[in-house]
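First comes the structure, then the notes that go with it.
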Amino acid sequence: MLAEVGCDGVILGHSERRQYFGETDEGVNRKVRAALEARLHPIVCVGETLQSERPTGTWEVVSRQVRAAFVDMGSEQIGRCTLAYEPVWAIGTGKTATTAQAQEVHGQIRGLLRDLAGPQVAGAVRIQYGGSVKPENAADLLAQPDIDGALVGGASLKAEDFARIIAGAR
């Protein structure tokens, strides 16, 4: 239906879908496959809740979600996707991961993509950061080597803030 009305992309696995609608890792995988089959560009969201954020919890959750999203998919399919790391504890709370924390997780995701799909795909797949991206932090986040863009939520509804985020991306 999305393709029929002219959409070319779709956000899958967003934390609110997981939290409020019980979307599972397996369900995300099925939706990624369906989106690719419909020639849509999947933006696959991954991220940990505050409860799972502990010394090893973040990467345990994120790596599980990335692996599950791409079960039984080849490099070509993975290469047609975008990933968005959104620490759930930062969404709509005004809190954000530090630049170092965000870069660390993005670097780990890129390394996992290298294992799953090879270095060429890992270097080409966009990995966005989403989690209270705002004008004050956008430029620093987007300057990191493994952060390829932002999945902007609430700030995109305020024209002045969104324009400042865009300016920070340059």
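Assorted remarks:
- Option label - Cα extents along the principal axes in Å computed here, alternatives (i) 42, 39, 34; (ii) 40, 33, 32; (iii) 63, 39, 36: (i)
- Ordered from largest to smallest accessible area (heavy atoms of protein chains, 1.4 Å probe), the residues ASP140, ASP8, ASP148 come out as ASP8, ASP140, ASP148.
- Amide H partners (placed H, <5 Å) of ARG126, local residues excluded: LEU83
- Cut-off 15 Å (backbone N to label point 7 Å along Cα→Cβ of THR49), residues of segment 77-112: 87-91
- By the helix-only formula, in which each DSSP H run with n ≥ 4 contributes -39500 (n - 2.57) and the sum is divided by residues, the chain has a 222 nm mean residue ellipticity of -14000 deg cm²/dmol.
- The residues of the chain have, on average, 53 Å² of accessible surface per residue, using a 1.4 Å probe with all protein chains present.
- For VAL10, residues with placed amide H under 5 Å, excluding near neighbours: HIS41, ILE43
- Calculated from backbone phi, Karplus (6.51, -1.76, 1.60) coupling profile of segment 136-146 in Hz, x at Gly/Pro: 6, 10, 4, 4, 5, 5, 6, 7, 6, x, 10
- The chain, relative contact order [Cα under 8 Å, separation at least 6], %: 18 percent
- Carbon/sulfur fraction of accessible area - the chain, other protein chains in place, 1.4 Å, %: 52 percent
The values are calculated or read from the model by the stated rules, or taken from the named source; none is laboratory data. Please read these numbers as outputs of a predicted model, since none were measured by experiment. Cβ sites come from the backbone with ideal geometry, for glycine too, and all protein chains shown count toward neighbours. All accessible areas refer to the heavy atoms of the entire protein, side chains included, with ligands and DNA or RNA removed. Shrake-Rupley method; radii C 1.70, N 1.55, O 1.52, S 1.80 Å.
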